[in-house]
Amino acid sequence: MHAPDTPALGLVTIGQAPRSDLRPDAEPLLPGIRLVEHGALDDERFDGEAGIVTRRRLAPEPGEAPLVSRLRDGGSVVLGHAAVVPRMARAVARAERDGAAATLLLCTGRFPAVEATRPLLFAEPLVQRAVAAVVGDDPVGVVCPHPDQAEDVAGRWSDVLPGTVRAAGADPYAPRERALAEVAEAARALTGAGSSWLVLDCIGYTEEMRRAAARAADRPVLLARALAVRMAAEVVAAFG
């Protein structure tokens with residue numbers, strides 16, 4: 001337990017909090033930092049008929065690249081940006097009311113500016129710029145949660161990396177064994193196509209999935225959640 005005056009980092013997921021899948025990997029990177037978790041969909045229902053209506057209301061609009069996030073029960077949901085942004089803004093406000101010195105948005109999608117009174121860190125630019133500083137002009141393979149995201153993800157990464165970028169899908173929210181198998185398969189496919197580095201480009205990918213990708217591909221694997229959390233810890237320390 002942390003004392004109430006311990007520096008706090010807000011963790012805002014576009015799905016539901018708490019993110020029990022994230023804490024085992026994040027907490028060792030955040031010594032002395034209290035975590036404040038909120039989700040954009042914390043007040044939404046996903047059971048029964050209400051859940052069908054909720055999923056329909058949150059679905060991507062025609063032509064919109066999908067987002068994928070975790071629900072509190074361990075399941076997942078496919079979202080559109082337009083639906084999630086106002087809910088995300090309310091979750092950021094709740095994190096700040098709970099004392100967050102800075103808030104990290106737990107999604108590597110691209111979002112418009114969100115109103116905040118303290119530093120609001122978007123995972124995508126944190127991860128992309130860190131990767132760009134490491135890989136140089138080497139070809140990079142990016143693993144994303146949904147195959148329908150692959151074209152959009154490859155395009156966004158190509159904006160910041162000078163080398164060839166390829167993308168492939170693997171669901172981090174599938175049952176454990178299937179998720180590990182999908183990540184390994186995507187890693188093999190990307191390295192077989194010529195990628196020298198791999199990036200697991202979703203907060204849902206775990207350290208265990210990083211190890212599965214590295215074994216399958218025999219290439220260095222960069223993990224989005226680790227890069228984003230390490231940077232966020234530095235920001236909180238600056239205000240501590």
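The values are calculated or read from the model by the stated rules, or taken from the named source; none is laboratory data. If you're wondering where the values come from, they're calculated on a predicted model, not measured in any experiment. Glycine also receives a Cβ, built like all others from the backbone with ideal geometry; neighbour counts cover every protein chain displayed. Note: accessible area is taken over every heavy atom of the protein model, side chains too, but ligands, DNA and RNA are not part of it. Shrake-Rupley method; radii C 1.70, N 1.55, O 1.52, S 1.80 Å.
Quick look at the values:
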read-out	value
Number of the exception - ALA130 against (1) open to solvent by 10 Å² or more (accessible area, probe 1.4 Å); (2) in contact with a Cys (Cβ under 9 Å, 6 or more places away or on another chain); (3) aliphatic (A, V, I, L, M)	(2)
Candidates VAL160, VAL143, VAL134, filtered to the one that is modelled with pLDDT of 95 or more, within 15 Å of the chain's Cα centre (by Cα) and either β-branched (Val, Ile, Thr) or more than 30 Å from LEU35 (Cα to Cα) (or both)	VAL143
Those residues of region 69-86 which are open to solvent by 30 Å² or more (accessible area, probe 1.4 Å), touching a residue at least 60 places away in the same chain (Cβ under 8 Å) and either among the charged types (D, E, K, R) or more than 15 Å from ARG19 (Cβ to Cβ) (or both), in sequence order	ARG70, VAL78
Subset of region 101-129 [of a type in the set (A, V, I, L, M), closer than 17 Å to ALA154 by Cα and without any contact (Cβ under 8 Å) to a residue 40 or more places away in the chain]	none
The listed residue being out of contact with any strand residue (DSSP E or B) (no Cβ under 6 Å at 6 or more places or on another chain) and of a type outside the set (Ser, Thr, Tyr), out of PRO172, PRO220	PRO172
Residue that is least open to solvent (accessible area, probe 1.4 Å) [pool: residues in region 100-126 that are among the polar types (S, T, N, Q) and not in a strand (DSSP E or B)]	THR108
Single residue of region 38-68 satisfying the filter (out of contact with any helix residue (DSSP H, G or I) (no Cβ under 8 Å at 6 or more places or on another chain) and within 21 Å of ALA89 (Cα to Cα)) that is least open to solvent (accessible area, probe 1.4 Å)	THR54
Test result for ALA179, among the small types (Gly, Ala, Ser), farther than 20 Å from CYS107 by Cα, modelled with pLDDT of 95 or more and more than 13 Å from the chain's Cα centre (by Cα)	no
Segments classed as strands (runs of 3 or more DSSP E), wholly inside region 143-240, with at least 3 members that are open to solvent by 60 Å² or more (accessible area, probe 1.4 Å)	none
